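Below: one structure, written as structure tokens.
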């Protein structure tokens with residue numbers, strides 16, 4: 001509610017302002033084509049894949065080191081794998097752990113788990129055995145899908161994963177064209193990227209499950225606002241990582257919010273360079289979800305390597321490139337950058353740290369596109385702020401709240417009170433992308449979510465135009 005003086009009042013019994021009535025001065029700075037609000041479809045996340053396969057069946061969905069899948073073929077493999085995983089006993093609400101780099105198998109597995117109404121539980125492939133044990137046990141995963149070399153870490157945990165009933169393994173070579181599928185294991189034996197798992201281990205092979213299972217999975221009924229789609233773990237800098245519950249509605253909304261922020265996206269005509277790991281919500285939302293929403297080609301790279309990224313841009317011609325500051329700094333330092341063809345890239349979104357101005361300037365000059373800084377958290381699926389792609393960007397700022405996102409600064413010692421005018425305060429955000437809560441942690445959920453607001457723990461400043469800067473934690 002807003003009083004006669006224009007101040008945002010608090011609902012009776014509330015300690016925080018009404019986020020629906022919160023002032024949003026940044027809307028005056030929105031560029032043309034970016035809406036202040038949007039009517040998000042209340043659908044399962046898998047609707048993105050169904051629609052892309054129906055509208056663009058012959059379009060390339062996945063491009064991985066020369067291996068490609070159309071949207072029609074991708075949907076077929078997703079339904080085959082979903083059927084196989086369902087035959088193992090996985091049902092709605094069960095957690096399935098994924099420990100995979102960005103590869104076609106990751107795309108297939110994630111969509112298949114969601115098709116069952118089960119919960120994708122992402123794990124960083126670089127985690128140690130102990131870190132994996134914590135997350136898989138905390139989530140109570142029944143099935144794990146991993147890359148062959150990662151299985152060695154899981155083998156160390158025998159007897160320590162009581163809920164895991166099945167481990168499904170896959171190899172990079174399973175998604176490579178001839179002769180790369182033959183050469184990769186030879187190279188992998190030398191550098192440790194290939195692992196031959198003995199039949200006696202009793203694991204299942206994803207390749208065989210897809211090849212031998214018909215695509216008969218039934219579409220599970222989903223309540224998008226209630227049912228958890230993704231269990232994403234926080235970094236755990238101050239202790240064991242917490243599982244963040246993101247609903248289908250959270251992820252659908254944030255994928256739309258990301259797409260709306262780039263108003264010239266054309267369905268079926270974009271190519272997304274996917275090097276940000278899907279194991280983090282930033283990669284899963286801006287690449288997998290938003291890319292599928294736009295029926296884009298997902299050009300997958302399993303890890304960031306500067307020369308590989310530059311050669312991939314020149315060869316595959318991606319139009320959109322979500323990344324992190326370290327990526328763009330490394331690219332900007334390439335000695336032969338001026339000789340590379342980067343002209344296909346139209347827009348890059350970087351977050352959550354600030355980018356050096358000289359890096360932005362050089363990359364924008366070479367690509368002719370826009371490199372913009374943004375911000376988000378695992379708890380917000382993850383994007384909450386960004387500088388406009390086609391509008392005024394303020395260097396060092398995280399930008400302004402994106403469509404349908406409310407934001408306020410609170411007193412750092414007492415969040416029930418607003419920060420003093422002109423002074424930093426704790427950043428609080430509200431919107432359709434804000435998490436349901438922390439997995440099995442009601443007390444910590446209650447501390448973080450107050451009256452519909454997420455208290456981020458970040459200290460920020462805001463200017464008169466509604467652009468925000470992170471200044472402390």
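A few comments on the model shown:
- Distance in nm between pseudo-label sites at residue 473 and residue 411 (7 Å out along the Cβ direction from Cα): 2.5
- FRET efficiency, 1/(1 + (r/R0)^6) with R0 30 Å, evaluated for residue 234 and residue 38 via beta carbons: 0.60
- Fewest neighbouring Cβ atoms within 10 Å first, the residues 29, 200 line up as 200, 29.
- Ranked for footprinting exposure by Cβ neighbours inside 10 Å, fewest first, 94, 51, 264 give 264, 51, 94.
- Rounded tilt (10° steps) of 180-191 against the dominant C-alpha axis of the chain: 80
- Approximating the spin labels as points 7 Å out from Cα along Cα→Cβ, the residue 130-to-residue 441 distance works out to 1.8 nm.
- Rounded if a/c under 1.5, otherwise prolate or oblate - the range 69-212, Cα gyration tensor axes: oblate
- For residue 92 and residue 212, the FRET efficiency from 1/(1 + (r/R0)^6), where r spans their Cβ atoms and R0 equals 30 Å, is about 0.80.
- DSSP-defined antiparallel bridges as percent of all bridges, the chain, nearest 5: 50
- This ranking places 180, 242 by how few other beta-carbon atoms lie within 10 Å of each, fewest first, which gives 180, 242.
- Measuring r between the beta carbons of residue 157 and residue 226 and using R0 = 35 Å, the FRET efficiency lands at 0.60.
- On full extension, the segment bounded by residue 72 and residue 307 gains 81.4 nm, given 0.36 nm per residue less the C-alpha separation.
- DSSP bridge analysis restricted to the range 246-402 gives an antiparallel fraction near 30%, rounded to the nearest 5.
- Separation between Cα centres of the range 45-112 and the range 301-353, rounded to whole Å: 26
- Placing dummy labels 7 Å off each Cα toward the beta-carbon, the span from residue 339 to residue 27 is 5.2 nm.
- Sequence-distant contacts, meaning Cα pairs under 8 Å at least 6 residues apart, place the relative contact order of the range 189-291 at 18 percent.
- Once the Cα atoms are used to define both axes, helix 248-261 deviates from the longest principal axis of the chain by about 70 degrees.
- Paramagnetic label zone (point 7 Å from Cα along Cα-to-C-beta, residue 201; backbone N under 17 Å) in the range 155-169: 155-161, 164-169
- Angle in degrees between helix 357-367 and the longest Cα principal axis of the chain, rounded to the nearest 10: 60
- Across the chain, the mean sequence separation of Cα contacts (distance under 8 Å, 6 or more residues apart), normalised by length, yields a relative contact order of 16 percent.
- Per-residue ellipticity at 222 nm from helix content only, as computed over the chain with -39500 (n - 2.57) for each DSSP H run of at least four residues, stands at -8000 deg cm²/dmol.
Readers should treat all values here as calculations from the given coordinates under stated rules, not as data from a laboratory. From a predicted model like this one, the values you see are computed outputs, not experimental measurements. Quick reminder, even Gly has a Cβ in these numbers, built from the backbone with ideal geometry, and neighbours come from all protein chains shown.
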